[in-house]
Amino acid sequence: MDSIFSTVKNMALIERTGGGVGFNFSHLRPRSDIVRSTKGVASGPVSIMRLFDTATEVIKAGGKRRGAMMAILRVDHPEVVEFIMAKQNPAMLSNFNVSVAVTDEFLKALETDGTYWLVNPRSNEKVKELRARGVWQLIVHSAWSSGDPGVVFIDEINRHNPTPQLGKIESTNPCGEQPLLPYESCNLGSINLSKMVSDNKLDWGKLLETVRHAVHFIGNVVDANVSPIKETDDITRANRKIGLGVMGFADMLIMIGIPYDSEEALKLGEQVMAFIEEKAHEKDAEIAAKRGSFPNFRGSIYDGKYPAFRNATVTTVASTGMISIIAGCSSGIEPLFAISFMRNVLNGARLFETNPLFEETAKQRGFYSAELLEEIARAGSVQKTKGIPDDVKRLFVTALNIAPCGISACRRRSRKAPITLSAKP
């Protein structure tokens, strides 16, 4: 209890200053497990998550908004089924993103349609055997119906742990893009790719200059920041994780004239991120030659690869939900959410928004009208709107217009198979 409520206190201090927190609840004993010291029973991790959720509801981050949180539970925790289904109730864990930590063992069982064991974290005893595909179907169905849970491939994450000598990574930041050690933080920044386009082409020279400045800038943020938790200050400065990413990717494609759901878009995306990572690492090593490596450099994945390296991580692609709104561009690497829509903001206000690139195109091509925007706002998409040229419809696809996989082999017929866990005692 001391550990749990100390963590709630630290969470409150971080959220008060505008931060978010990620948690792995897998070390908590399952519900109804006997507590030897009191002869009582444990309430279980999902119940404890409600405590964190309620505290966050009360404490508004920075005095303006509720803090974001990530809750992770291992797929082999005895309470994983309840965790997967928790957010089917809209009132449950409303301040959490939730993700199941999927292991290699589980994936092997999934591939062979086998079973795997749930393990009590207190005693390390096997308590129940479940069919992996039943659990996976439950995850998929829950994600389809409520948006949660996501999945975190925890063993794959640790295969790429930049500082394995410090221990295993068990959790991420609130939106899941940055795996972190206990108390660790990551300072993120994103390049607006729509500003990297000149004359309908990507300006690689401007992108190079921006990458180099951004790495320098975000690295300085590590030194300038002061965390409300001493442990966070210590580990953050010891590893110096930064995450340079992108936003405005969908806008960039539109400006160049490439449909989002095309092979050409995939190829350009690979080229852009490979370029950013390569140039960001070059700049990071250059800074390290002058200022020194992060303190935990010895034993890291960079030790022996580089003479010096400034930051334990350099790139990551974040969701950029807030900063993309400020910058007036599409978020992260996501497709457009909608062409024209009503945005719900604080205090119940609603703002009518239209994608500026579509509005500009409509005016240039001569089919712009206020009535058209209202019609699009009702549908959210332009695909069935009359009077819009086919090439414009092809370019301005939204999230709901894009198939999960463009390859025909991935388009499977809908099946209404029952979800069965096939538990064994």
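The values are calculated or read from the model by the stated rules, or taken from the named source; none is laboratory data. Fair warning: this is a prediction, and the values are worked out from it, not measured in the lab. Here the Cβ positions follow ideal geometry from the backbone for every residue, glycine too, while neighbour counts run over all protein chains shown.
Annotations
- Residue check, Ser324 part of a loop (DSSP other than H, G, I, E, B), within 15 Å of Val246 (Cβ to Cβ) and at pLDDT below 95: no
Residues checked against (1) assigned to a loop (DSSP other than H, G, I, E, B); (2) closer than 30 Å to Gln178 by Cβ; (3) among the polar types (S, T, N, Q); (4) at pLDDT below 90:
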site: Asn10; (1), (2), (3), (4): no, yes, yes, no
site: Gly18; (1), (2), (3), (4): yes, yes, no, yes
site: Leu28; (1), (2), (3), (4): yes, yes, no, no
site: Val46; (1), (2), (3), (4): no, yes, no, no
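- Residues satisfying the stated conditions in the stretch 70-97, i.e. outside any loop (DSSP other than H, G, I, E, B) and either in contact (Cβ under 8 Å) with a residue 60 or more places away in the chain or in contact with a Leu (Cβ under 8 Å, 6 or more places away or on another chain) (or both): Met70, Ala71, Ile72, Arg74, Val80, Val81, Phe83, Ile84, Met85, Ala86, Lys87, Asn97
So that you can scan it fast, the table gives a plain yes or no per residue for (1) assigned to a loop (DSSP other than H, G, I, E, B); (2) under 15 Å from His216 (Cβ atoms); (3) under 22 Å from the mean Cα position of the chain (by Cα):
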| residue | (1), (2), (3) |
| --- | --- |
| Ala265 | no, no, yes |
| Gln271 | no, no, yes |
| Phe297 | yes, no, no |
| Thr313 | yes, no, yes |
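- Residues that are surrounded by 12 or more Cβ atoms within 10 Å (Cβ to Cβ) and either in contact with a Gly (Cβ under 6 Å, 6 or more places away or on another chain) or in contact (Cβ under 8 Å) with a residue 24 or more places away in the chain (or both), drawn from the stretch 343-355: Asn355
- The residues in the stretch 379-389 that are within 8 Å of Ser340 (Cα to Cα) and outside any loop (DSSP other than H, G, I, E, B) can be counted, and the count is 0.
- Filter result for Ser142 (surrounded by fewer than 17 Cβ atoms within 10 Å (Cβ to Cβ) and of a type in the set (Ser, Thr, Tyr)): no
- Restricting attention to the stretch 293-323, the residues that are within 22 Å of Gly18 (Cβ to Cβ), small (Gly, Ala, Ser) and surrounded by fewer than 21 Cβ atoms within 10 Å (Cβ to Cβ) total 2.
- Count - residues of the stretch 266-321 that are over 28 Å from Leu193 (Cβ atoms) and either among the hydroxyl-bearing types (Ser, Thr, Tyr) or in contact with a Gly (Cβ under 9 Å, 6 or more places away or on another chain) (or both): 4
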